[in-house]
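Shown next, in structure tokens, is the structure this report addresses.
Where a number appears in this text, it was derived from the coordinates with a stated rule and is not lab data. Predicted, not measured: the structure shown is a model, and the values here were computed from it. Glycine gets a Cβ as well: all are built from the backbone with ideal geometry, and neighbour counts include every protein chain shown.
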Amino acid sequence: MDKKSLQKMIDENGIKYIDFRFTDPLGTWQHFSNHINTFEMDVFEEGIGFDGSSIRCFQSIEASDMILIPDIETAFVDPFFTDPTLVLICDIQDPITGQKYDKDPRYVAKKAEEYVKTSGVGDSIFFGPEAEFFLFNNVQINTHPHHSSFSVDSGEAVWNTGTDEGPNLGYKVRNKGGYFPCPPHDTMQDVRSEMVNHMVAIGMSVEAQHHEVATAGQCEIDLKFDTLVKMADDLQKYKYVVRNTAKSNGLSATFMPKPLSNDNGSGMHCHQSIWSNGKPVFYGEGGYANLSDEAKFYIGGLLKHAPSLLAFTNPTINSYKRLVPGYEAPVKLAYSNRNRSAICRIPAYSPSPKAKRV
């Protein structure tokens, strides 16, 4: 998209606000909005300032001033704000040195893509995340000096079989019984479809949506794989759409790994593959799971660096409440064809070389 096309988008949609967004090191999408009357196209070169010391893990107060550089290719119209608002996803830059900011997750992803190219192994790396989440009807958390508790509830939950719902019709999802049941047990179809409709409207490619294994409204929406930075942007949009669509339907969405005991938690399988000149690098006919040597080296890197990677992929105590045997979560530092208990699984859905991934 060029500036002329962006201006046309602004005019056709009657945009009143420009919303600038970026990601902090802990994965939260941050934003602020400027009125359209203050918006100038030179922001794509000059950037717009913000206080980096007020963002977790960013700058100290004596070096607080930072700059956002919007990426014009990321423009989309927000589907939730009352006033028409155009969103621009930004990179972060130091105003003194003009250098990209090392703590900007988007810049880290860009460097990773560039590393793949300079390595000579391939020219593209594709990611396809499968993010799972729960949709609860009620969430209560209390933390006091003398008392702490939490409570979540769902109309689908197995623990509500005996609740007086005036009347209780009995269509509850048992523990581990939520994978693919049709309505009336699956009560989230329309909400998930609304989420998908929003995602498609803002330019995302969605493949499927379904109920997941656990009771109490566990769901999954699958995106079509894409390059690393593009998919990272889309996953932030994904979480934003899921949470806000849930809220508009009187529901609370959570991506936390293990909100319930004695049932499956939520993970995010990341399908990964490297391509070179339009051909899959990971396919090697005749070897284990038809993996190439490059694919095995890639897996070897993941296994070797798993302790470090877990600091980012599984950063909380709750993460490890999920990673236990018996709940379809990976518990083995190994790679395996089809086996979901291995940290690296090679999907066996298709024999096509183009489908070879880890």
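Key figures
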| read-out | value |
| --- | --- |
| Hits among lysines - C-alpha to C-alpha of K279 under 23 Å, sequence gap 8 or more where chains match | K110, K111, K117, K224, K230, K296, K354, K356 |
| Quotient of C-alpha Rg and 2.2 N^0.38 Å, computed over the range 47-197 | 1.58 |
| Leading residue at positive end of dipole, the range 28-183 (Cβ point charges), from A157, F136, I61 | A157 |
| The chain - charge dipole about Cα centre, Lys and Arg +1 at Cβ, Asp and Glu -1, debye rounded to 20 | 1480 debye |
| Those GluC sites (Glu not before Pro) in the range 113-187 that DSSP places in a loop and that have at most 14 other beta carbons within 10 Å | E165 |
| Gaussian network model of the chain, springs between alpha carbon atoms under 10 Å - residue of Q209, Q272, Q30 with greatest fluctuation | Q30 |
| Taking all pairs of distinct alpha-carbon atoms in the range 105-278, Kirkwood radius in angstrom | 17.9 Å |
| Compactness of the range 282-358, expressed as Rg and Dmax over alpha-carbon positions, Å | 13.6, 41 |
| Cα-derived Rg to Rh of the range 73-146, Kirkwood definition | 1.14 |
| Exposed-loop-free span, longest in the chain, where chymotrypsin sites (Phe, Trp or Tyr not before Pro) count as exposed if DSSP calls them loop and at most 13 other C-beta atoms lie within 10 Å | 81-348 |
| Neighbour count of at most 11 Cβ within 10 Å plus DSSP loop: longest trypsin sites (Lys or Arg not before Pro)-free window in the chain | 57-337 |
| Convex hull volume per residue for the chain, taking Cα atoms only, in Å³ | 184 Å³ |
| Rg and Dmax of the range 3-103, Cα atoms only, in Å | 14.0, 43 |
| Set of lysines near K16 by C-alpha distance (under 20 Å), chain-local residues within fewer than 8 positions excluded | K3, K4, K8 |
| Eligible lysines near K247 by straight Cα distance, threshold 16 Å, same-chain separation 8 or greater | K237, K239 |
| Estimated FRET transfer efficiency (T82, T313; beta-carbon r; R0 41 Å; 0.05) | 0.65 |
| The chain: antiparallel DSSP beta bridges as a percent of all, rounded to 5 | 85 percent |
| For the range 1-50, alpha-carbon Rg and Dmax in angstrom | 12.4, 36 |
